[in-house]
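The structure under discussion appears below in the form of structure tokens.
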Amino acid sequence: MEEDDDEEEEESDGCRILTGKEVNELMGRFSSGGNDLYQWGEYDPGCAAVNPLKLTIGLANALERWGVRIYEGTKLTSLEKTNAVADESSTDSRGKYTLTTNNGSTIQCDHVVLCTGADTLPSDVSRRLEQSFVPIYTWMAATEPLYDECPLKDGVDNDISNKEQGQQKNRPAPMCGDDHISLNYWRNNNKDEGRLLFGSLADTFALPDWLISWRLRNAIKEVYPQLGNVRFDHIWGGKLAFAPNSLPLIGRDTDYDDVVSDTNQESQAPKNLSSGVWYATGFAGHGIVPTTMAGSVLANAILEIPDQQQWQIFQTYFPPSSFNGHPYSRLGAGMVLSIYNMWDWAGKKGIPLPALPKLW
């Protein structure tokens with residue numbers, strides 16, 4: 001009996017499946033006219049959200065306290081091996097690599113980490129990464145203050161097991177998302193004004209503001225019919241780096257390595273691991289969690305910590321693609337997204353179609 005009680009307790013604290021009615025109630029959604037958009041859902045009380053801007057600023061402040069200098073708005077235009085490296089005993093020793101910025105300044109260093117997001121890398125920086133991902137634009141809007149009309153509110157967890165135990169747990173306003181390929185994701189802004197922060201869309205080219213606003217309003221109206229005339233006070237967006245294999249790209253750019261042939265294996269290994277060009281990109285579709293993991297993985301690689309060289313796993317099994325369809329990569333990705341969006345639309349209309357492979 002004690003084991004059964006423990007299992008019930010673990011189950012009540014974990015994920016649970018919701019009916020369509022429970023999904024609507026949790027989301028504060030009023031469906032009308034047979035609008036059964038969601039047939040079922042999953043609720044996970046253990047999830048948490050991170051403000052990516054505050055996280056970035058916090059990390060930058062921590063780095064500066066450790067003496068790291070950050071130069072914002074500095075574009076890298078070329079990366080090459082330093083022609084001549086001074087004697088190691090000299091205090092004026094130059095690094096193995098020379099980086100040139102857009103204002104003509106140069107930097108010498110022994111390690112370079114390319115964390116580019118979706119910005120295109122010139123071939124003078126990295127031929128390996130130049131065609132390894134496709135930029136995808138996504139957008140987000142903040143509604144006008146909704147106050148009590150905001151559909152996402154704090155409440156009481158109505159889990160059946162809690163009712164049976166005579167308990168009631170306070171539940172913060174949920175964060176929501178669906179499983180569309182151009183997924184919708186939204187939450188409130190955790191303030192008394194009750195704005196709804198709603199993100200959606202996936203495009204391979206930047207679009208005019210009026211079109212983005214119109215499409216976001218249609219998306220939010222589909223989820224919340226009662227907010228069909230809501231005003232957006234803020235709209236913003238940006239490019240995300242999607243790799244063709246939909247996996248993060250973490251590793252070492254061996255094009256800059258002095259390699260030595262391995263007589264026992266049909267491969268080549270870096271001659272010197274005390275310097276190198278590293279990369280971490282292609283995190284789109286995975287959130288910010290693997291970005292912090294990548295930082296740890298590359299730090300261990302640069303510090304040459306024994307038994308902590310996981311970068312070799314990514315390098316071996318998930319290398320950057322050598323071809324992303326350039327110069328038609330955006331058109332190709334746009335066509336794929338259009339097909340998946342059509343499948344999502346058909347599913348919402350009840351039209352049976354065979355399942356497509358998951359992209360992410």
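The values are calculated or read from the model by the stated rules, or taken from the named source; none is laboratory data. Predicted, not measured: the structure shown is a model, and the values here were computed from it. Here the Cβ positions follow ideal geometry from the backbone for every residue, glycine too, while neighbour counts run over all protein chains shown. SASA here: full protein model, heavy atoms, side chains in, ligands and nucleic acids out. Shrake-Rupley method; radii C 1.70, N 1.55, O 1.52, S 1.80 Å.
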Selection from region 313-337 of residues that are touching a residue at least 40 places away in the same chain (Cβ under 8 Å) and under 30 Å from Ser274 (Cα atoms): Phe314, Gln315, Phe318, Pro319, Pro320, Ser321, Ser322, Phe323
Residue selected from region 255-284 under the condition open to solvent by 50 Å² or more (accessible area, probe 1.4 Å) and modelled with pLDDT of 80 or more, by the criterion nearest to the chain's Cα centre (by Cα): Asp255
Positions within region 312-330 being loosely packed, with under 12 Cβ neighbours inside 10 Å, at pLDDT below 90 and not polar (S, T, N, Q), in sequence order: Phe323, Pro327, Tyr328
Among the residues listed as Asn162, Asn190, Asn170, Asn184, the single one being open to solvent by less than 20 Å² (accessible area, probe 1.4 Å) and either modelled with pLDDT under 85 or among the aliphatic types (A, V, I, L, M) (or both): Asn162
Condition met for Asp36 (at pLDDT below 85 and among the charged types (D, E, K, R)): yes
Subset tally (residues that are in a helix (DSSP H, G or I) and not small (Gly, Ala, Ser)) for region 322-360: 13
Every residue from region 36-64 that is within 21 Å of Asn170 (Cβ to Cβ) and in contact with a helix residue (DSSP H, G or I) (Cβ under 8 Å, 6 or more places away or on another chain): Gly41, Tyr43, Pro45, Gly46
From the options Thr101, Thr91, Thr116, residue that is under 30 Å from Ser274 (Cβ atoms), modelled with pLDDT under 90, of a type in the set (Val, Ile, Thr) and open to solvent by less than 50 Å² (accessible area, probe 1.4 Å): Thr116
Criterion (surrounded by fewer than 12 Cβ atoms within 10 Å (Cβ to Cβ), part of a helix (DSSP H, G or I), without any contact (Cβ under 8 Å) to a residue 40 or more places away in the chain and of a type in the set (A, V, I, L, M)) met by exactly one of Leu63, Leu53: Leu53
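Is region 297-307 home to any residue that is closer than 26 Å to Gln39 by Cα, modelled with pLDDT of 85 or more and touching a His at 6+ places or on another chain (Cβ under 7 Å)?
No: region 297-307 contains no residue that is closer than 26 Å to Gln39 by Cα, modelled with pLDDT of 85 or more and touching a His at 6+ places or on another chain (Cβ under 7 Å).
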